[in-house]
Amino acid sequence: MAKEFVVTPWEVRGEIDYNKLIERFGTEPIDEELLKRIETAAGGLHPLLTRGVFYSHRDLNWILDEYEKGNDFFLYTGRGPSSEVHVGHMLPWVFTKWLQDSLGVKLYFQITDDEKFLFRDFQNLEESQRVGYDNALDIIALGFDPSKTRIFLDSEVIRTLYPIALRVARRITFSTVKAVFGFTHSNNVGEIFYTSIQAVPCFLESVLQGENVPCLIPCGIDQDPHFRIARDVAPQLGYYKPALIHNKLVPSLQGMHAKMSASIPASAIFVTDDPQVARENVMEAVTGGGATVEEHRKYGGNPDICPVYHYYAYFFDWDEDHLKKVNETCRTGERLCGDCKAELADRVASFLETHQEKRKEARDKLQDFILTEEELSELEKA
Ligand code: TRP
C-alpha cells in the first residue's frame, strides 16, 4: 500500500510524494519548455529551478506572456511569524529575490501575525507582532530592493486589507474551507475566516492601481490550498486569478520522512542559531550513507534519500560542478558521511555568520521596507 502523507498549510505529515501532490492539488509540473521560457525572460535559470526544487506551478505561462508583452506583474509571498526563521522558510524567499532581480518586479511580502495568533502559536497578538517584526529583519537581510519591496504586518494595515477580505469572505462557504483545509466544528471562527486575509495581497496591486495587475506567488506547495480558493473567487470579484510557482519542502535534518520544523529544533537550521550550535545539529544529521564505514566504502551512499545532500542541493551549494562531485563521490563510497557533514557544517556556519551580520544592518533599514496605512492611502489616492 502506498504510504500516506498529509500536506496542508498547517500540517505536513509522512513522506511526501511530490508528483502525487501535483495530481492531488491539480497543479502543473514545470517542464523543459517552461524552463526555457523562464530562462529567456530572466536571462538565466536559478539552480532551484534546474534542480527541480521549484517544480510545480499554476498559470506561469500566462505571467510570462504578459511579461513578454511588456505588461507589469508583481510578486507576492509571505511569512507566518510563528518562530524564528529557519532555512526551510527562507528557501522561497531566496528564489523570490532572484525573480525580483532578474525581472525587475515589485514584491508584496505579507507577515501574518493575525494567522499565528488565531492558530494559537502565541497567547497574545503582541507576541506575534514582535516575532513578525523580528522575522522582517531576516527578510530584509536577504537584500531585497527597498524601492520595489513592501513588507507589511496584517494587523498594522488591516484597515486597507479588510474591505478586500470581506469581498473575498462573502464568497467562501464553510463547506469549502472544511473540504480544503479539513476544518471541523472545533476550529475557531477566526481560523475559518483567515484564508480571506491571505487572499488579499493577490488583489492588492489591482485595487491600488485601479486596474488589474497579474500576480505571481512563489511559495511552498503546502500553501497552495489557500490560493486555490483565492483563484476560485478572483473572477467573481473581477480580478485575475493569481499565478503560482511552488517549491518542495526542505527535509528535516533527522530524515526525509519529515520537513524541517520550527517545533523540533534539532530538525532545523535556524538563521539566528549560534553557528556552533548549527554545526552540531548538522553533525547529528541522518544521512543516506552505509551503516558502517566499511559498508559505505563498499556499496556507496544514496544522496536521493539523504537530508545532508538535500541541504547542499537546496541551499548551501550553488556550484553545479561541486554538487555533481558530491553526488558522484557519495554514490561510489569515496565520500564519507562524516566528511560530507563537516563540509556542510562549514558552509552552514559561514552562511550564518554573514546572514547575522546583514540582519544587524537590517534594523536600520526596517522603515524603508515596512508598508504603513499612510503610504497605502497615498498610493490609493495617486
Ligand atoms: N501562511 C503562510 C505561513 O504560515 C504565510 C503566508 C501569507 C504566505 N501569505 C503568503 C506564504 C503567501 C507564501 C505566500 O507561513
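Where a number appears in this text, it was derived from the coordinates with a stated rule and is not lab data. Owing to the predicted nature of the structure, the values given are computational and were not obtained by experimental measurement. Cβ sites come from the backbone with ideal geometry, for glycine too, and all protein chains shown count toward neighbours.
For region 318-338, the criterion of being within 24 Å of VAL271 (Cα to Cα), of a type in the set (D, E, K, R) and surrounded by 14 or more Cβ atoms within 10 Å (Cβ to Cβ) is satisfied by no residue at all. Please go through region 1-20 and give me each residue that is away from the ligand (no atom under 16 Å from the Cβ), in contact (Cβ under 8 Å) with a residue 60 or more places away in the chain and either surrounded by 15 or more Cβ atoms within 10 Å (Cβ to Cβ) or of a type in the set (Ser, Thr, Tyr) (or both), ordered by number. Of everything in region 1-20, those that are away from the ligand (no atom under 16 Å from the Cβ), in contact (Cβ under 8 Å) with a residue 60 or more places away in the chain and either surrounded by 15 or more Cβ atoms within 10 Å (Cβ to Cβ) or of a type in the set (Ser, Thr, Tyr) (or both) turn out to be ILE16, TYR18. Among the residues making up region 63-90, those that are more than 10 Å from the ligand (Cβ to nearest atom), out of contact with any strand residue (DSSP E or B) (no Cβ under 6 Å at 6 or more places or on another chain) and assigned to a helix (DSSP H, G or I) are LEU64, ASP65, GLU66, TYR67, GLU68, VAL87, GLY88, MET90. Among the criteria (1) within 26 Å of ARG363 (Cα to Cα); (2) part of a helix (DSSP H, G or I), the one SER147 does not fulfil is (2).
Residues in region 208-218 that are surrounded by fewer than 21 Cβ atoms within 10 Å (Cβ to Cβ) and either within 16 Å of the ligand (Cβ to nearest atom) or in contact (Cβ under 8 Å) with a residue 40 or more places away in the chain (or both): 2 in all. Close contacts from region 90-103, counting a first residue that is closer than 21 Å to ILE221 by Cβ and a second that is in a helix (DSSP H, G or I) and more than 14 Å from the ligand (Cβ to nearest atom), with Cβ to Cβ under 7 Å and a gap of 6+ residues or different chains, come to LEU91/TYR314; LEU91/PHE315; PHE95/LEU48.
Yes/no per residue for (1) part of a helix (DSSP H, G or I); (2) closer than 24 Å to GLY80 by Cβ:
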{"position": "ILE197", "(1), (2)": "yes, yes"}
{"position": "LEU204", "(1), (2)": "yes, yes"}
{"position": "TYR239", "(1), (2)": "no, yes"}
{"position": "HIS257", "(1), (2)": "no, yes"}
{"position": "ALA285", "(1), (2)": "no, no"}
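In region 35-62, of all residues being within 16 Å of the ligand (Cβ to nearest atom) and part of a helix (DSSP H, G or I), the one that is surrounded by the most Cβ atoms within 10 Å (Cβ to Cβ) corresponds to LEU48.
Results for (1) surrounded by fewer than 17 Cβ atoms within 10 Å (Cβ to Cβ); (2) in contact with a His (Cβ under 9 Å, 6 or more places away or on another chain); (3) at positive phi; (4) of a type in the set (Phe, Trp, Tyr), shown as yes or no for each residue.
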site: LEU137; (1), (2), (3), (4): no, no, no, no
site: PHE144; (1), (2), (3), (4): no, no, no, yes
site: LYS148; (1), (2), (3), (4): yes, no, no, no
site: ILE151; (1), (2), (3), (4): no, no, no, no
site: GLU156; (1), (2), (3), (4): no, no, no, no
site: LEU166; (1), (2), (3), (4): yes, no, no, no
site: THR173; (1), (2), (3), (4): yes, no, no, no
site: THR184; (1), (2), (3), (4): yes, no, no, no
site: VAL189; (1), (2), (3), (4): yes, no, no, no
